[in-house]
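The values are calculated or read from the model by the stated rules, or taken from the named source; none is laboratory data. Computed from a predicted structure; not experimentally measured. Cβ coordinates were reconstructed from backbone atoms using ideal geometry, including for glycine residues, and neighbour counts include every protein chain displayed. Only protein heavy atoms, including side chains, enter the accessible area calculation; ligands, DNA and RNA are left aside. Shrake-Rupley method; radii C 1.70, N 1.55, O 1.52, S 1.80 Å.
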Amino acid sequence: MEEPTRTIVRAIVLAVSALFLLPLQAQAERDWEFSAGVFGGKAFHSDQNMDINFGDYGGPAAHGTIHGVTLNDSGTFGGKLTAFHLPRKYNWQPQVGLELDFTRFTADLHPQQRGAEGTVNIPGMEIVGYTFNWVEDLSVNTLAANLLFRYPVWSTPDLPQGRIAPYVGIGAGVQRAVMSLQIIPYREVSYAPAGQVLVGMKFFVMKNLAVFGEYKRIWSSHDFLDPALFSPGFEETWSLATNVLVGGVSLHF
């Protein structure tokens, strides 16, 4: 198992342990609501620039930026573990929560032509365009810790989280991207920091069961060294910015 993978597994175990042990620690002082949820939906990728560098280790060097690279939209799925602090007075008072959020999608790059700009260390030459002639598949997993704020509507002592609970959040974590090629056997893994913002709404069918809809935007950046197609030293920097629309169900306890 790779060391970054071990680190992620440890982080998940610690986060899950903290979520379940927190109410035992603070039972005498305050109440907590815990939930576990799953979701699915669609991931829409914004067109982003891609930086390329090659030739630094032999041959003519070039450094450029490809504009408006299009990545294929995809389905998405994931899960959540959430803990919310419940105030003693059950009213429309905003509530604060913590969440561990896992999201998976793909962001494949298919053949396309795009404008570009950059420099080549040959007099009189410059980069003005770029053509992708092959398919590059990208599988993306994001694990993030979110700080949440929700506003319970129609809150009662039996339903302190409210019948309807709109919420917003901001989070940070790590993103694992796996790039593979279809024309030749090649696979490369990149880990990078990721950020996200989200907004959603839950409807409680009953005290322990809710359905929800959510929008979030996830962003990150990954470097891939690809000696399989070019000389050693070729590098692509993918900028990922993804809008995720999902629906899901959660159990509360």
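Residue separation of Asn141 and Ala36 scaled by 0.36 nm, minus their Cα-Cα distance, works out to 35.9 nm of gained length.
With a Förster radius of 25 Å applied to the beta-carbon distance between Asp73 and Tyr151, the computed FRET efficiency rounds to 0.20. Counting only protein heavy atoms and a 1.4 Å probe, segment 30-172 has 47 square angstrom of accessible area per residue.
With r as the distance between the Cβ atoms of Leu209 and Ile170 and R0 = 22 Å, compute the FRET efficiency 1/(1 + (r/R0)^6) and round to 0.05.
Step by step, r from the Cβ atoms, then E = 0.25.
Sparsely packed loop sites in segment 67-173 (the trypsin sites (Lys or Arg not before Pro) outside DSSP H, G, I, E and B with at most 11 other Cβ atoms within 10 Å) comprise Arg88, Lys89. In sequence order, segment 165-174 has phi-based couplings of 9, x, 8, 9, x, 9, x, 9, x, 10 Hz under the Karplus curve 6.51 cos²θ - 1.76 cosθ + 1.60, θ = phi - 60°, and Gly or Pro positions carry x. Considering only Ala145, Gly79, Thr156, and ranking their Cα positions along the charge dipole of segment 62-211 that arises from unit charges at the beta-carbon of Lys, Arg, Asp and Glu, the one farthest toward the positive end is Thr156. Here the accessible area is traced with a 1.4 Å probe on the protein chains. For segment 94-144, carbon and sulfur cover 57 percent of it.
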